[in-house]
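The values are calculated or read from the model by the stated rules, or taken from the named source; none is laboratory data. A quick note: this is a predicted structure, and the numbers were derived from the prediction, not measured. Neighbour counts run over all protein chains shown; Cβ positions are idealised from the backbone, glycine included.
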Amino acid sequence: MNTTESLKDYQHVRGLAIQSLFEIIEQSSEGTVIVDGDANIVWMNERYARRFGLKSAFDAIGQPCEQVISNSLLRQVVRNDQPILLDIQDTPKGPLVVMRLPIHDDAGKVIGAIGFALFDELRNLSPLIERYLSMQQELASTRSLLRSRQSKYNFAHFIGTSAATLEVKRRARRSASADSPVLLLGETGTGKELLAQAIHGASPRAHKAFVSINSAAIPHDLLEAEFFGTAPGAFTGADRKGRPGKLHIAQGGTLFLDEIGDMPLPLQSKLLRVLQEKEFEPVGSNEMIRSDVRVIAATSMDLEAAIKRGEFRADLYYRLNVLPIQVPPLRERLDDLPALSEAILEELRSQHELDREALALLAQHAWPGNIRELRNVLERAALLSDDLVLDAREIRAAIGTFSPVERRAAVEQIDGETFSAARKRFDRQVIGAALSACDGNVIETAKRLGLGRSTLYKKMVALGIEQSQ
Ligand SMILES: Nc1ncnc2c1ncn2[C@@H]1O[C@H](COP(=O)(O)OP(=O)(O)O)[C@@H](O)[C@H]1O
Ligand SMILES: [Mg+2]
């Protein structure tokens, strides 16, 4: 029988194949282990024993397989009489591709199992697996980046059941399904950014990025590059490779333009073009990129007044003002105070609660820094109090500069006040409010008030305002 003829005899070929398969596996194996019917190790090669920290394979003999190979599945193979043809096993020295087979006696009864470790460097296994692994890595890092860019808040985080709050939430919810710009108007700390995130989270773009850019926080000469990105070679130095802008990162998702009232005029024109033409050009490039972002803008500025002063483009205002949402200040929705305080204390993981007088006092303060200020006050009070029930005195101390909510009270206070006392009170109120709005950050506060840092410090010392954070 010549070779070709002999290959036609299936039983014979099967015998040959089994033999060569076994030899190939054994030869390319990184390790082999054999267990008996009780899954105790009866044989192991030296190399494999060393991988699991043994000095000699001899030390493994007689031990339950899991004792040596902590996550061994050989016992399962023996018990179920089922092979595990291909699997990945983690070992202290990295993952292995393993194959596990039951061993039968002549009568066909399971008497043990054999495990082969086929490859120890998964990366060498094949270009396919290498590609698979690198794609997995890429996927994991993209996922985690996206997760970090997805919005953290939904509408349930926007606490409050006052009529004003419910109306804000209703409008915001309705805007989520649309794709036109939203304009959030309201004082600082009223929850505009929280709402923007919630709108994004409830929109069809929720699975894409939420990217924010704050025109008041970034130096104006850097804003454009931050916004549109830079083309490779646009600048010398660190940015030579080019950098994607926020507009690019937000592709498919939502771009939150915080403090849009502070956006410089030239950038306003460019933004208008993006909104109208739906395309943009990275700085230093002449290639147009299609843009697909939903814009949510926010400002604490009176934009119509800014238009009159020539500081804001009217056409941009109209383009943004499609779905305006006015977020009322906290002093106009005092009914929300108990729920807000409770939610904030809970979020701070504080065990504290407020007594009745403390709650009443909260309702007498005008909250120029709104919910951000409320949060700071509660955090400070909880930190300073030894008692789990916060009283009015402790809240009063934590508020710092108290601004009474009723205007009448303020007017009465002015009666008979000397000019210098009134001026001091005014200074204290303005600086106090700005400090609360900036979370106690003096540098930010100075910027906001248009004062030099040291001037602000001097004034704070003179007025006895302490830096809270
Ligand atoms: N209705 C609300 N319920 C709970 N927390 C709120 C609410 N509004 C604002 N906050 C919280 O107050 C702080 C300031 O809100 P933020 O959205 O940054 O305000 P803004 O963007 O208007 O300055 C944040 O910590 C935010 O989570
Ligand atoms: Mg804000």
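Quick notes on this structure:
- Among (1) under 25 Å from the mean Cα position of the chain (by Cα); (2) in a strand (DSSP E or B), the one test that residue 136 misses: (2)
- Total residues in the range 443-469 satisfying the condition of being polar (S, T, N, Q) and within 14 Å of residue 430 (Cα to Cα): the figure is 1.
- When residue 256 is tested against (1) more than 16 Å from ligand 2 (Cβ to nearest atom); (2) touching a Ser or Thr at 6+ places or on another chain (Cβ under 6 Å), only condition (1) is not met.
- Hits in the range 152-166 - residues which are within 13 Å of ligand 1 (Cβ to nearest atom) and outside any loop (DSSP other than H, G, I, E, B): 155, 156, 157, 164, 165, 166
- Residue in the range 154-162 that is under 27 Å from the mean Cα position of the chain (by Cα), within 16 Å of ligand 2 (Cβ to nearest atom) and at pLDDT 80 or above present: yes
- Taken as a whole, the condition of being closer than 25 Å to residue 301 by Cα, at pLDDT below 90 and in contact with a Cys (Cβ under 9 Å, 6 or more places away or on another chain) does not apply to residue 428.
Quick grid of which residues meet (1) in contact (Cβ under 8 Å) with a residue 24 or more places away in the chain; (2) of a type in the set (Asp, Glu):
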residue: 249; (1), (2): yes, no
residue: 255; (1), (2): yes, no
residue: 261; (1), (2): yes, no
residue: 269; (1), (2): yes, no
residue: 277; (1), (2): no, yes
residue: 287; (1), (2): yes, yes
residue: 303; (1), (2): yes, no
residue: 316; (1), (2): yes, no
residue: 329; (1), (2): yes, no
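- Residue check, residue 201 within 16 Å of ligand 1 (Cβ to nearest atom) and closer than 25 Å to residue 334 by Cα: no
- Residue within the range 218-228 that is within 11 Å of ligand 2 (Cβ to nearest atom) and surrounded by 16 or more Cβ atoms within 10 Å (Cβ to Cβ) present: no
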